[in-house]
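For reference, the structure discussed in these notes is given below.
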Amino acid sequence: MSSIPAGFEPHFRKSPFTDPWEPLYAKKTDKAVILGLRLATPHTNSRGLIHGGLIASLADNAMGYSCAQALGWEVSLVTINLAVDYIGSAGIGQWLSVESDVIKSGRTLCFAQSLVLADDTVIARANATFRLVPKPA
């Protein structure tokens, strides 16, 4: 139950928002940043199932990191649109992964989509649009 799939390492970017969900894991590929975690009580709603807010937040993060990677980590991104379709559920002990694809990036916007999987079964899909923001000098 506690095993972490091959290629995942402790997430490289910490945030006060995601601290309660630790430990979070990440795996960088040529095209994306995949986020993962082993579902536990802090990730669930009152029925013991994964909370939709967690799904939305992790999808947003994974797609944003994937856009940042596609752009060489040279810009910051802010979400201007996020849509999530919930098509399944997951419970404590399952491995959750968020796998993203960058659809298109330009000078001011980046478009991405993701699938959220629980033990390799799709439980949600998401898409987002990000505005590129120059990093301070």
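The values are calculated or read from the model by the stated rules, or taken from the named source; none is laboratory data. Just so it is clear, the model here is predicted, and its values are computed rather than measured. Virtual Cβ from ideal backbone geometry, glycine too; neighbours counted across all protein chains shown. The area values use the complete protein model at the heavy-atom level, side chains included, leaving out ligands, DNA and RNA. Shrake-Rupley method; radii C 1.70, N 1.55, O 1.52, S 1.80 Å.
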Strands (runs of 3 or more DSSP E) (entirely within region 26-122) containing at least 3 residues that are open to solvent by 30 Å² or more (accessible area, probe 1.4 Å) and of a type in the set (A, V, I, L, M): 75-86
Contacts under 9 angstrom Cβ, first residue in region 37-62 being farther than 18 Å from D120 by Cβ and of a type in the set (G, A, S), partner part of a helix (DSSP H, G or I) and open to solvent by less than 40 Å² (accessible area, probe 1.4 Å), 6 or more apart: A40/W21; S57/W21
Evaluation of A137 against (1) in contact with a strand residue (DSSP E or B) (Cβ under 8 Å, 6 or more places away or on another chain); (2) open to solvent by 40 Å² or more (accessible area, probe 1.4 Å) (one fails), failing number: (1)
Test result for H11, over 13 Å from the mean Cα position of the chain (by Cα), closer than 22 Å to G64 by Cα and either open to solvent by less than 40 Å² (accessible area, probe 1.4 Å) or at pLDDT 90 or above (or both): no
Region 106-117: number of residues that are over 13 Å from the mean Cα position of the chain (by Cα) and modelled with pLDDT of 95 or more: 4
Contacts under 7 angstrom Cβ, first residue in region 80-102 being under 17 Å from T121 (Cα atoms) and of a type in the set (G, A, S), partner assigned to a loop (DSSP other than H, G, I, E, B) and open to solvent by less than 70 Å² (accessible area, probe 1.4 Å), 6 or more apart: A90/L39; G91/L39; G91/G48; G93/L39; S100/A32
Residues (open to solvent by 40 Å² or more (accessible area, probe 1.4 Å) and in contact (Cβ under 8 Å) with a residue 40 or more places away in the chain) located in region 14-25: F17
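Going by what's in this entry, would L49 be described as out of contact with any Ser or Thr (no Cβ under 8 Å at 6 or more places or on another chain), closer than 19 Å to W95 by Cα and of a type in the set (A, V, I, L, M)?
On the way: out of contact with any Ser or Thr (no Cβ under 8 Å at 6 or more places or on another chain): no; closer than 19 Å to W95 by Cα: yes; of a type in the set (A, V, I, L, M): yes.
No: the conditions fail for L49.
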